[in-house]
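Below is one structure, written out as structure tokens; comments come after it.
The values are calculated or read from the model by the stated rules, or taken from the named source; none is laboratory data. This is a predicted model, so every value here is computed, not measured. FYI the Cβ positions are ideal-geometry reconstructions off the backbone, even for glycines, and counts take in every protein chain you see. The accessibility values were calculated without ligands, DNA or RNA, using every heavy atom of the protein model including side chains. Shrake-Rupley method; radii C 1.70, N 1.55, O 1.52, S 1.80 Å.
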Amino acid sequence: MQFFQFTEEQDMLRKAVREFVDAEVAPKAKEWDENDHCPVELWPMMGELGLCGVFVPEEYGGAGLGMTERAIVLEEISRHSAGLGIALMTHHLGVAAILYYGNEDQKKRYLPDLCSGKKVGGLSVTEPGGGSDFMGQKCTGELKDGMWVLNGRKCFITNSHIADVDVWTVITGQDEKGRPVMTAFIIDGDAEGHAPGRKEHKLGLRGSVTGDVVCNNVKVAPSQMLQKEGAGAKIAMTTIQEVGRAGMSAINVGILRGCIEEGVKFANERIIYGKPLSKVQAIQLLIGECRVEYEAAKLLTYRAAGMRDAGIPCATEFACAKYFSTEAAVRSSKRIMDAMGGYGIVNEYPVGRFLRDGLASIAAGGTSQIQLLIAAGATLSGK
Ligand SMILES: Cc1cc2nc3c(=O)[nH]c(=O)nc-3n(C[C@H](O)[C@H](O)[C@H](O)COP(=O)(O)OP(=O)(O)OC[C@H]3O[C@@H](n4cnc5c(N)ncnc54)[C@H](O)[C@@H]3O)c2cc1C
């Protein structure tokens, strides 16, 4: 076993993303949070830098890198704006569904514009009946006169109001045992009858748009179907498991690093008892706990990403990484708030936003309980 180390190329990528983030994200993250603004205007620039299609092969307009590099991108962005982090990460979900499950024509038609940042992507799976009840989805697709007609409402959808390319799951029938047959379609955002609905006023991750998306008799050609009828459950589940949870883990590694950096800065600058706060051992313990949790979240996240890049099954590893990093982000931001005393609740400092972003990350991509059930299921079955 080798010890964990990024390659020189990965370090260079991190440096390049950090420069972009320092110039374009850090100065505006607070404003995006306050105004609940998703900076969709950054998409072309992120496209040019290769961030919109970081794991997409170059032949489709991507950067030709992998999930490890994607995690680096999301960590760096989320160090300052986890809101933009989840917006980009969900764009990647739409991209991934098309890249991994689309046919050649679909890939050529959609991926170049998604990678260049000309278009924004999304993945609409969750319904009002409960995101955890994945197979209980009620949105429907019916084949009429050679076209699929889609109906229903999705909720809690990131990029709901900005996605130009929206991958949907619908129920298109029942199998011989009466089980729902789930099918996935690519919908053009401007298709007639496809529209955003209610927009959520969220506690955290406010640099992203989250809301309902409605299909009202949306007609899509059979060529918009991903793979075949009945493949939707696998497409949505693997995309959420291996791309969604990977993304949420990396976003929260970014929040954890932000907590440490802000905590150290504050503790060195704040003078108490005539010396810096950082000299107080109780404060050092808080910083030490944050460091341990950051290191653990980073190892879990990048190990799972590395497994994904090596083609090794990693759904359980991503469930563990997602559970740990999101819960740790909440604990660490609370710790740093404690260390800051009264200043911890002042919005001039980002730590309150980190706490809200960590909390808002817990349900996205599946709740903590669901991640624990996945970890338990694998463990109990000896995997
Ligand atoms: C910020 C954000 C962004 C999101 N973006 C997207 C997106 O882009 N696309 C998309 O499709 N969805 C998205 N979601 C939805 C997300 O996937 C769901 O919120 C999540 O799956 C949980 O579903 P729910 O909110 O309906 O909660 P429920 O499923 O209703 O769960 C309620 C509670 O019951 C618990 N629970 C449910 N079932 C079990 C069980 N079997 N055992 C133990 N406990 C259980 C849950 O853990 C939770 O505590 C997003 C959510 C958030 C918060």
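Could you check how much of the accessible area of segment 123-230 is carbon and sulfur, as a whole percent, using a 1.4 Å probe?
After summing per-atom areas, the C and S share lands at 49 percent.
Let's see if you can work this out: charge +1 on each Lys and Arg Cβ, -1 on each Asp and Glu Cβ, no other charges. What is the dipole magnitude of the chain about its Cα centre, in debye to the nearest 20?
1000 debye
Check cross-link reach from Lys202 to the aspartates and glutamates: straight Cα distance under 20 Å, and skip same-chain residues fewer than eight apart.
Glu31, Asp33, Glu34, Asp36, Glu127, Asp212, Glu327, Glu348, Asp357
Given Lys228/Lys383; Lys265/Lys334; Lys28/Lys138; Lys199/Lys298, which pairs have Cα atoms separated by over 28 Å?
As for pairs spanning more than 28 Å Cα to Cα, those are Lys228/Lys383; Lys28/Lys138; Lys199/Lys298.
List the lysines whose Cα sits under 18 Å from the Cα of Lys108, skipping any in the same chain fewer than 8 residues away.
Answer for Lys108, where 18 Å is the Cα cut-off: Lys118, Lys119, listed by chain and number.
In whole Å and largest first, what semi-axes does the C-alpha gyration tensor of segment 122-222 yield when each eigenvalue is scaled by 5 and square-rooted?
Output for segment 122-222: semi-axes of 24, 17, 9 Å.
Quick one: plug the Kirkwood hydrodynamic radius of segment 234-380 (C-alpha pairs) into Stokes-Einstein at 25 °C, 0.890 mPa s, and report D in µm²/s.
155 µm²/s
What do the square roots of 5 times the Cα gyration tensor eigenvalues come to for segment 209-315, in whole Å, largest first, as semi-axes of the equivalent ellipsoid?
The answer is 45, 19, 8 Å, longest axis first.
For every helix of n ≥ 4 consecutive DSSP H residues, a contribution of -39,500 (n - 2.57) applies; sum these over the chain, divide by its total residues, and give [θ] at 222 nm rounded to the nearest 500 deg cm²/dmol.
-15500 deg cm²/dmol
By what distance, in whole Å, do the Cα atoms of segment 8-119 stretch along each of the three principal axes, largest value first?
Between the extreme Cα coordinates on each principal axis of segment 8-119 lie 41, 34, 18 Å.
With N set to the residue count of the chain, report its C-alpha Rg divided by 2.2 N^0.38 Å to two decimal places.
Working it through for the chain, the quotient is 0.99.
Taking the chain as the reference, fit the longest principal axis to its C-alpha atoms, fit the long axis of helix 245-269 to the helix C-alpha atoms, and give the angle between the two in degrees, 0 to 90, nearest 10.
Rounded to the nearest ten degrees, it is 20.
Given R₀ = 30 Å, what would the calculated FRET efficiency be for Glu19 paired with Ala296, taking r from the Cβ atoms and rounding to 0.05?
After rounding, the FRET efficiency stands at 0.60.
Leaving out ligands and nucleic acids, and using a 1.4 Å probe, what accessible area per residue does segment 3-59 come to in Å²?
Normalised by residue count, the accessible surface of segment 3-59 is 58 Å².
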